[in-house]
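Just so it is clear, none of the values below were taken in a lab; they were calculated from the coordinates. Fair warning: this is a prediction, and the values are worked out from it, not measured in the lab. Neighbour counts run over all protein chains shown; Cβ positions are idealised from the backbone, glycine included.
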Amino acid sequence: MSRRPPDPVQVVKQRRDAALHALVTGVPYINFLGIEFDRRGDELTAIMPFDEKLIGNPLLPALHGGATAAFLEVTAIIGLSWAMLWDDIESGKLDPDTLVAGTLPRLPKTIDFTVDYLRSGLPRDAYARAQVTRSGRRYASVKVEAWQDNRARPFAQATAHFVMPRRDG
């Protein structure tokens, strides 16, 4: 029995980048907030670059709580979707050209989302990472933490539960 040779590293990287780009650009609200994702292997870091439109209290100034919550929820959804699609991306079963064409796999649906605002978000770039704590066929649980200058001092964190989309095949 002969094995298929592994894809070259550059092909795998391009497939990963194309899949992530399709996930992120497929949600217009992510683009509105300016959220970007930095990928290192299977780990994603969400980045919300500072923009004046994100300020909720100009007297402090502080990031708007809704912008913070949206940043955390987007991070959770994209992080969970990335984890869900990882095996298909790696094996080549998920064709990045299909994703770019707009046939994005269905995203998880939020059941509940709880945000803990730990301190004011300052007028600067924010970062977040999602940790999938449970992922089954029908249900998933995710924790997210957001920080600015020091990862050890988060300014907000969230816990989310999702209904997983039906996987065909």
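Listing for the model above:
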item: Residue, farthest from ALA62 (Cα to Cα), within the stretch 122-137, restricted to residues that are without any contact (Cβ under 8 Å) to a residue 60 or more places away in the chain and assigned to a loop (DSSP other than H, G, I, E, B); result: ARG137
item: Qualifying residue in the stretch 10-28 (condition: within 28 Å of ARG124 (Cβ to Cβ) and touching an Asp or Glu at 6+ places or on another chain (Cβ under 7 Å)); result: no
item: Leading residue by the ranking (farthest from the chain's Cα centre (by Cα)) among those in the stretch 138-169 that are in a loop (DSSP other than H, G, I, E, B) and within 15 Å of TRP82 (Cα to Cα); result: ARG167
item: Leading residue by the ranking (farthest from ILE77 (Cα to Cα)) among those in the stretch 31-51 that are in a helix (DSSP H, G or I) and out of contact with any strand residue (DSSP E or B) (no Cβ under 9 Å at 6 or more places or on another chain); result: PHE32
item: Test: residue in the stretch 52-63 that is part of a helix (DSSP H, G or I), surrounded by fewer than 19 Cβ atoms within 10 Å (Cβ to Cβ) and among the basic types (Lys, Arg); result: yes
